[in-house]
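One structure is given here, and the rest of the page talks about it.
The values are calculated or read from the model by the stated rules, or taken from the named source; none is laboratory data. It should be emphasised that the depicted structure is a prediction, and the values quoted were computed from it without experimental measurement. Reconstructed Cβ throughout: ideal geometry from the backbone, glycine too, with neighbour counts over all protein chains shown. To get the accessible areas, we keep the full protein, side chains included, count just its heavy atoms, and leave off ligands, DNA and RNA. Shrake-Rupley method; radii C 1.70, N 1.55, O 1.52, S 1.80 Å.
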Amino acid sequence: MENQTFTHGSGSGNLTVAQNQIALPILMFAGGAAGNLIAILVLSVSRQDRKSSAFYTLVRGLAVTDLLGTCLASPLTIANYLDRQVLRSDRVCGFQSFLLLFFGLTGLSIICSMSAERYLSICRPYSHQRWAVDRRFAQRLLLLICGSHVLFCGLPGLGLAGSVLQPSGTWCFIDWDTDDPAAAAYLVLYGAASLLLILGTIFLNLAVCGALLLMRRRVVRRPVTRISVRDRWTALTSAAETQMMTVLLVTSAVVLTCSAPLVVRVFANLFTQLSDPQADLTAIRIASVNPILDPWIYILLRRSLFRRLLGLSRRTPRP
């Protein structure tokens, strides 16, 4: 009887632990799916001028990408918590590895494209107009990004690199302990592409902010020619432009913060002999938070709310 009681108590304890473990993935899945659906709805009912802009077309593309990533990857994680044999299937493990590779790189590419669009609009307006950077241009760019990334991230599934279940038993990724030169070269290429996108986004955002600050200084220091400069500054600092820059900078900060740890772990596992499965798990968990946070940036910084905040800040009396 004592043994039976002890076994029953142990089983209940394991069940409780399992329930606690699966609760977080379910909440993250619900939060990511609901948030991105709301964000897509908010962006879809916006004014026509916003719908036709390249920037907000890319924003919608990022929201759709986050939604697809959440809906495809999260159910596999939840199923694996219910049955630890799910990810032990080579096909399922390879598919989850593809999803992590694809949506991680696609998110970085879209946010870099958003930064490039703002850079052209503000720093190179003639090029922006000559190249007809509009909604259709952004749609074609999104198709190019998705198509090229499907091919690139699908290479491991064609035998270029192997996908393995990581030590935690909860996620699959490319085998970074491999001795195969082709697989190592693919990981280096993936990490280098991600790093270049991160650095490119940072550079473009800094360039745009620097251009705005220089334009503001010209308004102050050159009163004789302030009319043309001030007209341009007024256009750039309108509510719409200010909102775009705010959305871009906040989204960039979230995407880069969530993506950078996994990129660091790719290089760390390739070029160091020290294996740290816990750091790898932490990096992928941080990356999985990104599609949950992104949509709330668009929701909270939508035009109507942003204008109210600007109005309140302008009405605040100066001391």
Response to the item:
The one condition residue 284 fails out of (1) in a helix (DSSP H, G or I); (2) modelled with pLDDT of 55 or more; (3) surrounded by fewer than 17 Cβ atoms within 10 Å (Cβ to Cβ) is (3)
Worksheet item: Under 7 Å by Cβ, and 6 or more places apart or on different chains, what pairs join a residue from the stretch 270-295 that is within 17 Å of residue 30 (Cα to Cα) and among the hydroxyl-bearing types (Ser, Thr, Tyr) with one that is assigned to a helix (DSSP H, G or I) and open to solvent by less than 60 Å² (accessible area, probe 1.4 Å)?
Response: 288/28
Practice prompt. Just name the residue that is surrounded by the most Cβ atoms within 10 Å (Cβ to Cβ) out of those in the stretch 41-62 that are touching a Phe, Trp or Tyr at 6+ places or on another chain (Cβ under 8 Å), at pLDDT 70 or above and closer than 18 Å to residue 242 by Cα.
Written response: 59
Worksheet item: Among the residues of the stretch 55-78 satisfying the criterion of being of a type in the set (Val, Ile, Thr) and in contact with a Gly (Cβ under 9 Å, 6 or more places away or on another chain), which is nearest to residue 42 (Cα to Cα)?
Response: 65
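Results for (1) of a type in the set (Asp, Glu); (2) touching a helix residue (DSSP H, G or I) at 6+ places or on another chain (Cβ under 9 Å); (3) open to solvent by less than 20 Å² (accessible area, probe 1.4 Å), shown as yes or no for each residue.
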site	(1), (2), (3)
71	no, yes, no
75	no, yes, no
100	no, yes, no
106	no, yes, yes
116	no, yes, no
123	no, yes, no
152	no, yes, no
158	no, no, no
163	no, yes, no
Discussion item. Let me spell it out: the conditions are (1) open to solvent by 50 Å² or more (accessible area, probe 1.4 Å); (2) in contact (Cβ under 8 Å) with a residue 60 or more places away in the chain, and residue 112 meets all of them except one. Which number is the exception?
Written reply: (1)
Worksheet item: Assuming residue 262 fulfils every condition listed in (1) open to solvent by 30 Å² or more (accessible area, probe 1.4 Å); (2) assigned to a helix (DSSP H, G or I); (3) at pLDDT 90 or above apart from one, which condition is it?
Response: (1)
